[in-house]
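What follows is a set of notes on a single structure, which appears directly below.
The values are calculated or read from the model by the stated rules, or taken from the named source; none is laboratory data. Remember, it's a predicted structure, so these values are computed and weren't measured experimentally. When we count neighbours, we look across all protein chains shown, and the Cβ atoms used for this are built from the backbone with ideal geometry, even at glycine.
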There are 2 protein chains.
Amino acid sequence: MGQFDSRDDFIRVTYRIECSGDPAAMAAKIAADQSTGTFTELPGETAAVRARGAARVQALTPLPDAQSAGFPSTEQGPFRRADVVIAYPLDAIGTDIAALMTVTVGGVFAVRGITGIRVMDIDLPSAWACHPGPQFGVAGSRRLMGVAQGPMIASIIKPSLGLLPQETAQVVADLCAAGVDFIKDDEKLMSPAYAPLEARVDAIMPVIRDHAQKTGKQVMYAFGISSADPDTMMRHHDYVVKQGGVAAVININSIGYGGMSFLRKRSALCLHAHRNGWDILTRHPALGMEFRAYQKIWRLLGVDQFQINGIGAKYWEPDESFVKSFHDIRTPMFTPEDCPLPVVCSGQWGGQAVETYERTGRTLDLMYLGGGGIHGHPMGACAGVRAIRQAWEAAEQGVSLADYARAHPELAASLAKWGG
Amino acid sequence: MGQFDSRDDFIRVTYRIECSGDPAAMAAKIAADQSTGTFTELPGETAAVRARGAARVQALTPLPDAQSAGFPSTEQGPFRRADVVIAYPLDAIGTDIAALMTVTVGGVFAVRGITGIRVMDIDLPSAWACHPGPQFGVAGSRRLMGVAQGPMIASIIKPSLGLLPQETAQVVADLCAAGVDFIKDDEKLMSPAYAPLEARVDAIMPVIRDHAQKTGKQVMYAFGISSADPDTMMRHHDYVVKQGGVAAVININSIGYGGMSFLRKRSALCLHAHRNGWDILTRHPALGMEFRAYQKIWRLLGVDQFQINGIGAKYWEPDESFVKSFHDIRTPMFTPEDCPLPVVCSGQWGGQAVETYERTGRTLDLMYLGGGGIHGHPMGACAGVRAIRQAWEAAEQGVSLADYARAHPELAASLAKWGG
């Protein structure tokens, strides 16, 4: 058996490397830098030391040259590219996410002489199944919302910022009446002076409870509990739990791995992740990290619901990237239960339902979140929710939206307003 | 008085924007997106709501057009650029770092239609002085090491990874004998199976104590205690404290804001920050975040010593960028005590001392860290430390290294090996 045959002894990281020299030499340099190397020869670097710590290049797949340098560079092209797999001994990293990030991610971006480097994937051995993963995921989300099948229809408080707690509660009442399964704070809302978390909980939870008593429908409300201080975040968490809340919006990059790890170990809430800041890692294709690699870390840490934009998002992300992200989070790492619920969002109003359904493997295990698409419906929010449900019925039945809209006036109104 | 005259009511963030359209229009769109906006008009967005939450463009400074698009783009040039200051109401964000990052940083990178965006600076009002900041900083570092004046000379365990605890202890003994003020674990070393944190502490601290008893010199050893799990990190912290240690290496990006906040509130150790992963934020000039903005957040969170590379670093960072970073961390945010100790490192062997001294304001309030430059000295580690001290004497006296080396054979040997 070769040195890489034992899948469980190594962490394998795939990098897309671009440089004006030889990608194989650059890959070897990165493997050395990220283990035992320095800029000059040292007496203590024995064979035994290297065996314990040294990373090795396992595979190299050449790619077409880049048209121009990824990072601005004074070097002459051609800029050669390759996907390179580097195998790191599990013993040298262990199962700590901080160690993984520093050894396999953090340092590689500092290397001199590259014009592009991107982490494409991280392949973790079975020892990494020790992490908690999602506490609720798809099944738990369905149970808490009482939605046994079909997409979970969600909305967000609008305007995003500036509403007082009682004004927010009125929006919640309207959305509950409109028939949504889930409502969330805007990710930018945490605990500002004009609407502190506790005051929002006090104003909103009676509306949720009242609606449940009257209709039997338990709407999931996700409160923005994020804080860079884990003690503050836990105080927010505990207050939501005490008042009967079941979910929270977490700005994962803004609390960091430590904040998420701390929260998950103590959490009774379904954790709805917003990835704001992720774009820095991915917006330039020659730099950063693929969502495929990124989402694995946050799943290990316990994300239950993952916002991943949608078809025709209002942001820069191409549809293709969204579709890949959807498949990424539905692919088990160790067990099917470690898949979070995909949250399809940004500029969604139902018009994207058919294409979303067709391109994501015809699944209804998703949350579909409309903000302006519900609040801004010409016949009101109730019609906005109905229009979205109608669009998903059309998708599931294989009918075009235009056809389905003939007998469904709410969907027809959406198409007339946004379908142009 | 105009709406922006009260410095303390707003958080001001400066962005470098690049787009094929009008930068002023793009700035206005970002300000709207990051406060109350969505993709369609909404009934609830009243003047009162906007007043509480709305961000506003305060200033715009045009810059020369970019030669080519920062991010790959199908849009036609010219790609116009501007530095834009957006003022966010303090009341809408408060003093939480997670709120700051999500509202002013995270979201802006998702905007459609830009070909570049970079956070250049963050100007925080006095309410933000509530954060703890460094516990030890420059003065505390000097006190703990017993170095009243002059640069603090530091080294790192080499090889970086793969040594057993007792092998590491032998390297520590050699470095203590060589006369360093400070020794650190490589940032990639946290608690691997072959050298767990506790075993390293057990092996190393007796060497440090023994050296102190024999010589009166207290060498500061910074142990790699980082973990993405704050509970584990605190267990490491407590073990170091219990065994008499005074410092720790923290991989700040790999633990995140939450991890750092949690640690600082409970820490008895001097926190030596390694910023691996920062390069992702800064390597492409049209994307990410200037160190000037980045370092402010980590100073608020309590970094005592900050690694910032050096002149002629082995990594990609240009000297100019290092010099700016040095000045950034020596600039008080609220008080002089909130400045961490600059740690000059990467490929340092003394040959850069004169230029470092001249370009950083002729200060000796710094740590100068040699790895290979000490371990790899042709006359041994002791001579390596002496050579570095000699180089700094030359810098302070305004003598060239070549002149000073005539009467100082250790420096002469360094120049002969690395000065070519």
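Residue B:93 meets each of the listed conditions (1) modelled with pLDDT under 95; (2) touching an Asp or Glu at 6+ places or on another chain (Cβ under 9 Å); (3) within 30 Å of residue B:258 (Cα to Cα); (4) not aromatic (Phe, Trp, Tyr) apart from (2). So which residues in the range A:268-291 are more than 8 Å from chain B (Cβ to nearest Cβ) and among the acidic types (Asp, Glu), if there are any at all? Selection gives A:290 alone.
For the range B:376-404, taking the residues that are assigned to a loop (DSSP other than H, G, I, E, B) and small (Gly, Ala, Ser), the one that is surrounded by the most Cβ atoms within 10 Å (Cβ to Cβ) is identified as B:376.
Could we say that residue B:97 is surrounded by 23 or more Cβ atoms within 10 Å (Cβ to Cβ), over 25 Å from residue A:225 (Cβ atoms) and either in contact (Cβ under 8 Å) with a residue 60 or more places away in the chain or out of contact with any Lys or Arg (no Cβ under 6 Å at 6 or more places or on another chain) (or both) here? Break it down stepwise before answering.
Values: surrounded by 23 or more Cβ atoms within 10 Å (Cβ to Cβ): yes; over 25 Å from residue A:225 (Cβ atoms): no; either in contact (Cβ under 8 Å) with a residue 60 or more places away in the chain or out of contact with any Lys or Arg (no Cβ under 6 Å at 6 or more places or on another chain) (or both): yes.
It is false that residue B:97 is surrounded by 23 or more Cβ atoms within 10 Å (Cβ to Cβ), over 25 Å from residue A:225 (Cβ atoms) and either in contact (Cβ under 8 Å) with a residue 60 or more places away in the chain or out of contact with any Lys or Arg (no Cβ under 6 Å at 6 or more places or on another chain) (or both).
With respect to the conditions (1) in contact with a Gly (Cβ under 9 Å, 6 or more places away or on another chain); (2) at pLDDT 95 or above; (3) under 25 Å from residue A:186 (Cα atoms), residue A:372 falls short on a single one, namely (2). When residue B:343 is tested against the conditions (1) under 20 Å from residue B:269 (Cα atoms); (2) among the aliphatic types (A, V, I, L, M); (3) part of a helix (DSSP H, G or I), the lone failure is (3). Screening the range B:341-375 for residues that are on the phi > 0 side of the Ramachandran plot and within 14 Å of chain A (Cβ to nearest Cβ) and picking the one that is surrounded by the fewest Cβ atoms within 10 Å (Cβ to Cβ) gives B:347.
Within the range B:316-332, the set of residues being in a loop (DSSP other than H, G, I, E, B) and either surrounded by fewer than 21 Cβ atoms within 10 Å (Cβ to Cβ) or outside the structural domain of residue B:248 (by TED's automatic domain parsing) (or both) comprises B:316, B:318, B:330, B:331, B:332.
Every test in (1) surrounded by fewer than 23 Cβ atoms within 10 Å (Cβ to Cβ); (2) assigned to a helix (DSSP H, G or I) is passed by residue B:194 save one, and that test is (2).
If residue A:231 passes every condition in (1) surrounded by fewer than 22 Cβ atoms within 10 Å (Cβ to Cβ); (2) in contact (Cβ under 8 Å) with a residue 40 or more places away in the chain but one, which one does it miss? It fails just one condition, (2).
Could you grab me the full set of residues in the range A:249-260 that are in contact with a Gly (Cβ under 8 Å, 6 or more places away or on another chain) and either without any contact (Cβ under 8 Å) to a residue 60 or more places away in the chain or facing chain B (nearest Cβ under 7 Å) (or both)?
A:251, A:253, A:254, A:255, A:256, A:257, A:258, A:259, A:260
Scanning the range A:69-88 for residues that are within 12 Å of another protein chain (Cβ to nearest Cβ) and in contact with a helix residue (DSSP H, G or I) (Cβ under 7 Å, 6 or more places away or on another chain) gives a single hit, A:88. Of the helices (runs of 4 or more DSSP H) that lie entirely inside the range B:74-175, those containing 1 or more residues that are closer than 20 Å to residue B:31 by Cβ and within 21 Å of the chain's Cα centre (by Cα) span B:97-100.
Mind counting the residues in the range B:102-139 that are under 12 Å from residue B:34 (Cβ atoms) and at the interface with another protein chain (Cβ under 8 Å from one of its Cβ atoms)? Here the count works out to 8. Taken together, B:210, B:174, B:181, B:185 contain a single residue that is over 26 Å from residue B:346 (Cβ atoms), touching a helix residue (DSSP H, G or I) at 6+ places or on another chain (Cβ under 9 Å) and not aliphatic (A, V, I, L, M), which is B:210. For the range A:170-179, the criterion of being surrounded by fewer than 24 Cβ atoms within 10 Å (Cβ to Cβ), touching a residue at least 12 places away in the same chain (Cβ under 8 Å) and acidic (Asp, Glu) is met by at least one residue.
Filtering the range A:176-207 down to residues that are closer than 17 Å to residue B:35 by Cβ and within 26 Å of the chain's Cα centre (by Cα), which residue is farthest from the other protein chains (Cβ to nearest Cβ)? Quick ask: steps written out before the conclusion?
Start the filter on the range A:176-207 by keeping residues that are closer than 17 Å to residue B:35 by Cβ, which leaves A:185-195.
Those still in the list that are within 26 Å of the chain's Cα centre (by Cα) too: A:185-192.
Numbers: A:185: 11, A:186: 9, A:187: 6, A:188: 5, A:189: 9, A:190: 5, A:191: 7, A:192: 5 Å.
Restricting to residues being closer than 17 Å to residue B:35 by Cβ and within 26 Å of the chain's Cα centre (by Cα), the top hit is A:185.
For the condition charged (D, E, K, R) and under 12 Å from the mean Cα position of the chain (by Cα), what is the one hit in B:292, B:235, B:283? I'd like the intermediate steps shown before the answer.
On the way: B:235 fails: under 12 Å from the mean Cα position of the chain (by Cα); B:283 fails: under 12 Å from the mean Cα position of the chain (by Cα).
Checking each option against the conditions leaves just B:292.
Has the range A:236-248 got at least one residue that is closer than 27 Å to residue A:368 by Cβ, in contact (Cβ under 8 Å) with a residue 60 or more places away in the chain and out of contact with any helix residue (DSSP H, G or I) (no Cβ under 6 Å at 6 or more places or on another chain)? Checking the range A:236-248: at least one residue is closer than 27 Å to residue A:368 by Cβ, in contact (Cβ under 8 Å) with a residue 60 or more places away in the chain and out of contact with any helix residue (DSSP H, G or I) (no Cβ under 6 Å at 6 or more places or on another chain).
Among A:323, A:343, which is modelled with pLDDT of 95 or more and closer than 16 Å to residue A:276 by Cα?
Matching residue, one of A:323, A:343: A:343.
Do the conditions hold for residue A:162, that is, is it buried (at least 17 other Cβ atoms within 10 Å of the Cβ), more than 30 Å from residue B:346 (Cβ to Cβ) and modelled with pLDDT of 95 or more? Judged against the criteria, residue A:162 is not a match.
Rundown of residues vs (1) farther than 29 Å from residue B:391 by Cα; (2) charged (D, E, K, R); (3) away from chain A (no Cβ under 14 Å); (4) touching a His at 6+ places or on another chain (Cβ under 6 Å), yes/no style:
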site	(1), (2), (3), (4)
B:293	yes, no, no, no
B:305	no, no, yes, yes
B:322	no, no, no, no
B:327	no, no, yes, no
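Against the definition (of a type outside the set (Val, Ile, Thr) and either at pLDDT below 95 or within 27 Å of residue B:302 (Cβ to Cβ) (or both)), how does residue A:237 come out, yes or no? Judged against the criteria, residue A:237 is a match. Close Cβ contacts (under 7 Å, 6 or more residues apart or on different chains) running from residues in the range A:276-293 that are within 19 Å of residue A:306 (Cα to Cα) to residues that are of a type in the set (Asp, Glu) and crowded, with 24+ Cβ neighbours inside 10 Å comprise A:276/A:187. Among the residues of the range B:378-397, write down those that are over 12 Å from residue B:175 (Cα atoms), touching a Phe, Trp or Tyr at 6+ places or on another chain (Cβ under 8 Å) and within 14 Å of chain A (Cβ to nearest Cβ). Correct list: B:387 only. Only one of the numbered conditions (1) more than 30 Å from residue B:88 (Cβ to Cβ); (2) in contact with a strand residue (DSSP E or B) (Cβ under 7 Å, 6 or more places away or on another chain) is violated by residue B:169, and that is (2).
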